[in-house]
Amino acid sequence: MGRVSDRVCIVTGAAQGIGRAIGEALLDEGAKVCFADINGEKIAEVAEANRSRMNGNSSAVASAQVDVTDREQVRAMIAHTVETFGRLDVKFNNAGVNKPMNFMDVTEGNWNFIMGINGLGCMIGMQEAARQMIAQGGGGKIVNTASIASRQGFDNVAPYCASKAAVISLTQSGARDLAKHDITVTGFAPGVVATEMWEQVDQDLMEIGAADRPGQAMEEFSADILKGRVARPADITGTTTFLASADSDYMTGQIVMIDGGMILV
């Protein structure tokens with residue numbers, strides 16, 4: 001038996017990187033997973049790849065296209081998951097974006113884009129997941145993706161830092177409000193992870209003059225990691241599966257750092 005056998009989970013931002021790895025690790029531990037992302041074509045491909053990978057248990061996989069800032073789309077994603085699997089036990093609010101700009105160049109558009117997805121999207125996801133869990137009779141888990149940037153500000157990703165600090169506050173607020181329904185709210189804060197998102201950030205930082213060559217940003221951000229290397233998605237999923245399992249039932253309102261010792265808090 002896996003740690004999350006038969007638990008029904010939704011993972012947003014699951015078309016690639018950490019989100020995809022979270023969903024696949026949950027499947028491997030016995031969960032039923034709806035992979036969700038704004039990129040409908042890509043998320044359908046991810047779901048199909050996992051149906052093939054799961055062989056005889058392909059019915060444990062679903063997918064949904066969703067804009068996490070659109071409440072009606074979030075409700076539709078949850079309804080689709082419940083229709084497919086019968087309930088919702090765990091909701092990962094993982095979808096997130098970053099678009100580096102030097103501090104003095106940050107625009108309202110840049111701020112609103114990042115805060116909308118990373119902040120508002122997280123809140124809507126928490127609210128709508130909780131409504132479904134309460135309607136089922138209470139009980140469930142909500143897990144939010146924060147970041148090392150939620151604990152320390154960086155000069156060329158200020159809106160991203162602010163948005164991930166908001167994730168911490170939302171996690172704490174949700175934990176206080178939803179405890180009476182036996183819903184726990186936790187989160188995790190990755191450090192530097194070798195994913196497609198970091199590849200894009202690397203390119204963006206060169207475009208704004210904050211880096212001179214490919215790979216420089218990752219090298220500089222990761223220079224102080226006590227473990228001596230950047231993370232792989234597989235370094236994250238042991239913790240995320242734990243947060244989705246009964247092993248974490250007495251945790252709520254907490255953010256777990258998974259950064260190899262980069263930021264000590």
| field | Per-region count, the range 25-79, residues in a helix (DSSP H, G or I) and touching a residue at least 40 places away in the same chain (Cβ under 8 Å) | value | 7
| request: Please give the number of the condition Gln152 fails out of (1) modelled with pLDDT under 95; (2) surrounded by 19 or more Cβ atoms within 10 Å (Cβ to Cβ); (3) more than 18 Å from the chain's Cα centre (by Cα); (4) of a type outside the set (D, E, K, R). | output: (2)
| Looking at this structure, is Arg87 part of a loop (DSSP other than H, G, I, E, B), surrounded by fewer than 18 Cβ atoms within 10 Å (Cβ to Cβ), modelled with pLDDT of 95 or more and over 13 Å from the mean Cα position of the chain (by Cα)? | yes
| remark: Within the range 155-166, the count of residues that are small (Gly, Ala, Ser), surrounded by fewer than 23 Cβ atoms within 10 Å (Cβ to Cβ) and either under 16 Å from Ile124 (Cβ atoms) or modelled with pLDDT under 95 (or both) comes to 1
| note | Only unsatisfied item for Pro100, checking (1) buried (at least 16 other Cβ atoms within 10 Å of the Cβ); (2) modelled with pLDDT under 95; (3) in contact with a strand residue (DSSP E or B) (Cβ under 9 Å, 6 or more places away or on another chain), is (3)
| note | Of the residues in the range 201-227, those that are under 21 Å from Gly17 (Cα atoms), touching a Leu at 6+ places or on another chain (Cβ under 7 Å) and not in a helix (DSSP H, G or I) number 0
| Which is over 23 Å from Val97 (Cβ atoms) and out of contact with any helix residue (DSSP H, G or I) (no Cβ under 6 Å at 6 or more places or on another chain), of Ala231, Ala223? | Ala223
| Would you pick out the residues in the range 142-166 that are part of a helix (DSSP H, G or I) and free of Cβ contacts under 8 Å to residues at least 40 places away in the same chain? | Ala149, Cys161, Ala165
| Can you tell me which of Gly17, Gly119, Gly86 is within 21 Å of Thr171 (Cα to Cα) and in contact (Cβ under 8 Å) with a residue 40 or more places away in the chain? | Gly119
| query | Going by the structure shown, is Ala130 more than 14 Å from the chain's Cα centre (by Cα) and either in contact (Cβ under 8 Å) with a residue 60 or more places away in the chain or surrounded by 19 or more Cβ atoms within 10 Å (Cβ to Cβ) (or both)? | reply | yes
| Output for the range 167-200, where each listed residue is outside any helix (DSSP H, G or I) and either among the charged types (D, E, K, R) or surrounded by fewer than 19 Cβ atoms within 10 Å (Cβ to Cβ) (or both) | Asp182, Ala194
| remark: Val256 passes all but one of the listed conditions (1) within 19 Å of Cys9 (Cα to Cα); (2) among the aliphatic types (A, V, I, L, M); (3) within 17 Å of the chain's Cα centre (by Cα); the exception is number (1)
| Selection within the range 62-84 - under 15 Å from Gly23 (Cβ atoms), β-branched (Val, Ile, Thr) and buried (at least 23 other Cβ atoms within 10 Å of the Cβ) | Val66, Thr81
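The values are calculated or read from the model by the stated rules, or taken from the named source; none is laboratory data. Being a predicted model, the structure only gives us computed values, none of them experimental. Heads up, the Cβs are rebuilt from the backbone with ideal geometry, glycines too, and the neighbour counts pull from every protein chain shown.
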